[in-house]
Amino acid sequence: MSAPNIAERVREHIRQRLGQAVERATAQGWLMGVGRLDPREIPVEVPRDRAHGDFASTIAMVLARKVKEAPRAIAEVLARSFEYPSEYINTVEVAGPGFINFGVNTCWLHEAIIAAIEDGESYGRIDQGGGLKVQIEFVSANPTGPMNVVNARAAAVGDVLANLFDFAGYDVSREYYINDAGNQVDVLGESCEIRMRQLMGEDIPLPERCYKGEYISDLARRALEEHGEEIRRMDPGARREFFKEFALKAILEWQKASLERFGVRFDTWFSERVLVKAHEDEEVLDILRKGGFLYEKDGAVWFRSTDFGDDKDRVVVKSDGTTTYLLRDLAYHRNKFRRGFEHIIDIWGPDHHGYVARTRAGIQAMGYPPEAFEVLLLQLVTLYSGGEQVRMSKRAGEFITMDELIDDVGKDAARYFFVTRSTDSHLDFDLELARKESQENPVYYIQYAHARIASILRQASSMGISERPARLCRLDLLDQDVEKELARMICLLPDEVAAAVRERAPNRMARYALDLAGIFHNFYNKCRVIGEDEELMQARLALVRATKVVLANVLRILGISQPERM
RNA sequence: GCGCCUGUAGCUCAGGGGAUAGAGCAGCUGACUUCUAAUCAGCUGGCCGCAGGUUCGAUUCCUGCCAGGCGCGCCA
């Protein structure tokens with residue numbers, strides 16, 4: 001189910017007619033040497049500056065090269081040959097160095113208002129993905145401590161991206177990879193066990209490699225409270241194993257709860273251990289060996305990833321016989337493909353960028369299409385507090401947790417903040433500033449627009465005014481600039497979704513929301529709704545109702561609540 | 001040394017071949033007997049890091065340099 005993308009339809013229309021205009025001009029002896037033109041290649045864009053029309057084409061500048069005439073002259077010829085007025089196009093003018101600007105009949109705006117109201121929550125949905133099975137794996141934090149701020153950014157970005165893919169017609173699945181097979185969970189168990197022994201009065205130091213956070217002691221205390229008797233009866237080996245499992249389970253629950261509070265829910269929590277237990281890492285070894293991509297050197301087994309563009313070969317089995325993280329990661333990605341995902345997106349930290357080439361190499365060596373594997377490198381977050389950088393170190397136990405962040409700035413503000421920057425841009429997050437400015441945070445600005453509309457609709461309803469179906473309204477009465485701006489923004493939602501997905505740019509949605517809210521607030525100050533003549537009031541009610549739908553849909557994509565009152 | 005990311009307003013950042021480069025915050029001036037002033041209108045503020053190249057056109061693409069961040073393990 002997807003609403004018609006009205007803007008796309010108009011663009012298509014312009015391309016068609018421009019194509020015809022070129023043919024017509026050629027037939028009359030103009031524009032020699034153009035040749036045939038594929039309408040799909042005719043550039044038609046939404047100009048940044050509204051004064052340049054609703055749509056614009058740079059086709060004249062592009063053709064200038066072939067035709068060897070001044071772009072401006074070409075534009076004039078095309079504008080003259082362009083057939084209009086048409087069902088969508090009202091005006092055609094040549095401007096600047098050779099732009100052809102199109103003014104669009106307001107009926108396209110009306111269609112969007114009607115569609116937004118009638119389609120409601122599904123307005124803006126497009127069928128770009130055609131149900132393609134996409135998996136997005138994100139956060140995948142080590143299960144050795146609470147979620148930190150970097151995890152929170154990944155959570156926000158991944159979740160919004162997944163929402164966007166869903167909106168664009170993909171069959172999307174959210175996945176969290178649990179790194180529970182490495183030695184870090186052993187260290188976790190050890191840390192916890194030693195804290196427990198200290199609690200029992202034993203005088204032993206905590207080794208340097210251990211995790212030092214307060215939460216470790218808390219876990220030890222809890223274990224003693226809940227399982228004290230059993231623990232006392234265990235021999236040292238069993239006890240360490242117990243603490244490992246206990247801590248792992250508790251931390252996973254904790255992480256899950258934090259993410260839940262943040263509004264992020266995963267379809268699958270995938271355990272590395274399960275993968276290893278099923279010997280899927282060894283299967284990968286077999287596959288690679290059969291493909292002739294393995295060799296031995298210095299007592300280790302190497303994968304010749306350089307065959308696939310990596311800059312050096314990689315060890316998959318260490319000389320002590322254990323497997324490397326890479327091998328298990330390849331097994332994991334093979335598993336993803338075997339589960340039927342047609343496109344895989346991993347969100348990684350920038351410190352993992354070196355793994356992209358070798359992982360893709362492995363995927364290719366195993367016979368899967370390398371282009372179906374995509375990595376989004378999400379840049380880090382630097383926390384500031386009062387202008388001073390907050391250094392974070394898990395081992396030292398110093399960090400701001402995701403929970404603290406949510407307590408501090410709130411889920412909505414935090415999510416917005418994380419998603420408002422592009423993924424490849426570092427994020428400076430000043431806690432004090434975020435707290436201080438929480439009254440004027442952009443997220444409130446957007447939510448306030450939504451609440452204001454709700455208030456208007458509430459008021460209308462309490463006055464006994466019933467909203468007329470949009471298609472029965474005199475939408476042509478919406479002739480003020482702000483009203484048309486607002487309607488135009490409503491039109492552009494499907495476009496915006498498409499662009500955000502194409503560019504993997506959740507931040508586009510944040511910007512769109514801000515722009516839309518801004519235009520609405522502007523409208524609110526210029527135009528009244530209730531109290532105008534019946535016809536105008538009904539038309540504005542429709543406009544405002546449609547705006548509310550769009551704001552709500554965008555906020556939902558961003559995972560931000562849509563308050564009815566503030 | 002090699003790889004990835006970044007450099008745009010005082011601050012935090014958008015824009016990524018096109019027209020006069022934008023927003024928020026900060027600063028200044030105005031607007032509430034009105035459907036929510038968490039709002040609006042206006043002003044101030046820019047060698048788009050530097051130097052070349054590609055072309056009708058470069059803040060955007062390419063190369064080099066400078067500056068910052070992150071990596072470059074038989075760790076995960």
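The values are calculated or read from the model by the stated rules, or taken from the named source; none is laboratory data. Being a predicted model, the structure only gives us computed values, none of them experimental. Glycine also receives a Cβ, built like all others from the backbone with ideal geometry; neighbour counts cover every protein chain displayed. Accessible surface areas use protein heavy atoms only, side chains included; no ligands, DNA or RNA. Shrake-Rupley method; radii C 1.70, N 1.55, O 1.52, S 1.80 Å.
Summary of values
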item	result
Measure of compaction for segment A:183-261 (Cα Rg per 2.2 N^0.38 Å)	1.06
Computed Kirkwood radius, in angstrom, where 1/r is averaged over Cα pairs of chain A	27.5 Å
Inter-part distance where segment A:456-471 and segment A:516-534 are each reduced to a Cα centre, Å	15 Å
For segment A:6-105, convex hull volume per residue from C-alpha positions, Å³	85 Å³
Percent carbon-and-sulfur accessible area, chain A, ignoring ligands, DNA and RNA, probe 1.4 Å	47 percent
Cα-Cα over 27 Å, subset of A:411/A:436; A:290/A:312; A:256/A:318; A:249/A:336; A:290/A:336; A:244/A:411	A:256/A:318; A:244/A:411
Per-residue SASA entry for residue A:32, accessible area with 1.4 Å probe, Å² rounded to 10	130 Å²
Average accessible area per residue (Å²) across segment A:161-254 - probe 1.4 Å, nucleic acids and ligands excluded	46 Å²
Dipole in debye (nearest 20) - chain A, about Cα centre, beta carbon charges: Lys, Arg +1; Asp, Glu -1	800 debye
Rounded to the nearest 10 Å², the accessible area of residue A:171 at probe 1.4 Å	80 Å²
Around residue A:45: net Lys/Arg minus Asp/Glu count, Cβ-Cβ under 11 Å	0
For segment A:22-65, accessible area per residue (1.4 Å probe, heavy atoms of protein chains only), Å²	62 Å²
Nonlocal amide H pairs with residue A:271, under 5 Å, H built at 1.01 Å	A:178
Estimated [θ] at 222 nm from DSSP helical runs (n ≥ 4, -39500 (n - 2.57)) normalised by residues in chain A, nearest 500	-17000 deg cm²/dmol
Kirkwood Rh, Cα atoms: Rg over Rh of segment A:441-558	0.98
Straight-distance crosslink candidates among aspartates and glutamates, where the alpha carbon sits under 12 Å from residue A:297 and sequence neighbours closer than 8 are dropped	A:313
